[in-house]
Every structure is written in C-alpha cells, then in structure tokens.
Amino acid sequence: MEVMGRGIRQIIQESPQYFHLLSKYLGYKFFNKHSPIFGSADIINVCNLHCNHCYWWLNRKENEDLSVEQWKKIIDEKFKKNHVFVITLVGGEPMMRPDVVELFVKEFPKRVCVVTNGTYPLPHFEKIYFYWVSIDGSEKVHNSIRGDGTWAKTRKNVIDYVKNNGPKAWKDIWISMTVNSVNYSTIRNVIEDWKDYSNKIGFQFHTPFMKGDPLWLPFGEKRNQVVDEIISLKKDGYKDYIANPNKQLELMKGTWGGIGTTPIDCPTWSILSVDHMGREKKPCCIGSAEKDSMKPRCEECGLGCYSVMVSNGMKGQ
C-alpha cells in the first residue's frame, strides 16, 4: 500500500513531519495562520532548452549560481526553519546542478521532487522522492515546443533510468504535462506513451504572463472537455496513474487564482519559493524576486500546485 508514492514504513518514519503538517493545518483552519507547507527552489538560472511556453525566460536576467555551501545555508535558514514538508527543485534545468540536487536529497530524504526536461541522464539518488519529467504531448508536438529530438532524448534517459536502477526504479519517475492550446488533444497519447515507465502523471494548465498568450487554453467548452477527458480517463483504468484529484481538475475549468496579476483566493503563502540567489519569489513559485519583472496572470492560472490546495479548502489573504 502506498499514499502518493509513500509506503507505510516511510510514513511512520516521517511522523515528526506529519506533526508539523497537522500543526500548520490547524493553525490555518482555526487561527488563519499562514505557514508554508511546501518549498520550491530555482537551483540554477540556466537551461539547455528554450521552450515556447516557458515562463523562465520572461523573468531571468542574471547568470550567477550559488555554491553548495550557500544552498546549505538557505536550506537551514528558510526551508528547515519553516518545517516545509516536500521541496520541488526547478530552474532553469536543475540537472545542470546535480551537486545541489544531491545536497537537497541528503537534507530532505524522500522529500525532494526534481522538475526536469529529461534531456540529461538522470542520476540515481537513493533517497529522492521522484523526478517530475516534463512531457508536452506526442513526440511531434513535444518537439515543436521543446526542440527537435528532445522527446527521443528524454525517452532514452527515462528508459535507461528504469532499466538500470532496479525493479522499482519506475516509481521514481512521474510525468508532468502542462496542457496548452497546442497539445490538449494529445493527453491520451502521453499517458499511453509513458505509463509503462512511470509511477504517475500529473496535469496542469499553461499560465500566461501576458494577455492574449496564444498557448493559453481559454476557459470554455474546449477546456471543459479536456478536464472531462482526464476525469474520464481516470474512470477508464487510469485512476491510480493520474495523480490529480477530481476536485482540483473541476476547479481548473474556470478562474480561481485572483484578479489580473494579483492573487486573491490562491494560497501563495503555502509554498515558500526562492530563486537561484535564494531570494523569495512573489507572488508565487512562478513569480520573481524582482519587483519590475513580469507577473503571471492569476485570473488565468492553471498551476496544479496551488489549485490542489484551493480544492482542499485552503485560500489566500
């Protein structure tokens, strides 16, 4: 038996962390206390790809990197001090800094997720929670977004990881698909292409940074059909493979995050997010520490991390 990839033994070992989780939830529920539950760190400011949909290029202008020792200080002073439960490592492309990934995994065993484009070989860290491997559709559609040959390169690295790291290695691979106006018709393809080499798949929707972004899938009939398709796929044999709860999926049929670029209902406080220099990002994990940087359009948000919070009764303010 597993709960989101965590076995009973592991859950028992993590009981002190669940105490902090319960304390945070009760503090919010009864006293409206806002204490971060999760963490997010942009561990590098560089990526080897230039994807059409990626917000990273809009907000990143610096090239500095922090040392492993500097990241250890941020871990102690921000993430551990706030008792965050799970930390997601992003970038840039985090696998360009495997030394920092290794540090986080050591400091937070079985509580680190790594968001990667999968074009670099995936190291086997015994205590990693899982890799979030970004897939943007069928091979043709994925390549149109991320570049020629990227799908095949990611495919090879995932299969090599699963074949070379023991019978349970597939549990370390989770697929992440950001649904947009280009790839929404390939959802079933993605599931069928990757289900034999991964534990779960999670869906979210493209969040624009500018009005009229052609990749944004507008609210309305087409988007509703996409959500209904994912829910239907869960009923048709993929209930354990698709990670999204139905309540979260239904929520993403319409606006839920805020007004313009201002979060209202979104519990942005629930994720402590830092950029590649360790500075806290605003208003959320895809925002920026720079005041004059572009902001995500909250009223058109499709992020899975925050929408799942809202669907479970957690709000902003």
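Annotations for the structure displayed:
- Amide hydrogen neighbours beyond the local backbone of Tyr131, cut-off 5 Å, H modeled: Val114, Ile173, Trp174
- Couplings 3J(HN,Hα) for region 156-172, derived from phi with the Karplus relation 6.51 cos²θ - 1.76 cosθ + 1.60 (θ = phi - 60°), are 4, 5, 5, 5, 4, 4, 5, 6, 9, 10, x, x, 10, 4, 4, 5, 7 Hz, where x marks Gly and Pro.
- Pairs from Lys163/Lys239; Lys80/Lys156; Lys78/Lys168; Lys253/Lys291 whose Cα-Cα separation, in the structure shown, is over 28 Å: Lys80/Lys156; Lys78/Lys168; Lys253/Lys291
- Spin-label model distance (nm) - Lys168 vs Asp292, 7 Å beyond Cα toward Cβ: 5.2 nm
- Phi-based couplings in Hz for region 293-309 (Karplus 6.51, -1.76, 1.60; Gly and Pro marked x): 7, 5, 10, x, 7, 4, 6, 10, 5, x, 5, x, 4, 8, 5, 5, 5
- Taking amide H atoms as placed 1.01 Å from N in the peptide plane, the amide H of Trp256 lies under 5 Å from those of Cys301, each 5 or more residues away in sequence or on another chain.
- Residue by residue, region 259-273 carries 3J(HN,Hα) couplings of 10, x, 9, 10, x, 10, 7, 6, x, 4, 5, 6, 10, 7, 10 Hz when phi is fed to the Karplus relation 6.51 cos²θ - 1.76 cosθ + 1.60 (θ = phi - 60°); x denotes Gly or Pro.
- Overall form of region 58-135 per C-alpha gyration tensor (a/c, 1.5; a/b vs b/c): oblate
- For Thr88, the amide hydrogen comes within under 5 Å of the amide hydrogens of Gly39, Ser40, Ala41, Cys113, counting only partners 5 or more places away or on other chains and with H modelled in the peptide plane.
- Applying 1/(1 + (r/R0)^6) with R0 = 22 Å to the Cβ-Cβ distance of Arg188 and Lys239 gives a FRET efficiency near 0.90.
- Pairwise FRET efficiency - Val46 versus Asp196, Cβ, R0 = 45 Å, nearest 0.05: 0.90
- Rounded if a/c under 1.5, otherwise prolate or oblate - region 34-311, Cα gyration tensor axes: rounded
- Helix-only [θ]222 nm of the chain, DSSP H runs n ≥ 4, -39500 (n - 2.57) each, per residue, nearest 500: -9000 deg cm²/dmol
- Rg and Dmax of region 164-317, both derived from C-alpha coordinates alone, stand at 16.4, 48 Å.
- Taking Cβ separations below 4.7 Å as the criterion for a possible disulfide partner, the isolated cysteines in the chain are Cys47, Cys113, Cys266, Cys284, Cys285, Cys298, Cys301, Cys305.
- Cα centroid separation - region 117-151 against region 154-232, whole Å: 11 Å
Readers should treat all values here as calculations from the given coordinates under stated rules, not as data from a laboratory. This is a predicted model, so every value here is computed, not measured. Cβ sites come from the backbone with ideal geometry, for glycine too, and all protein chains shown count toward neighbours.
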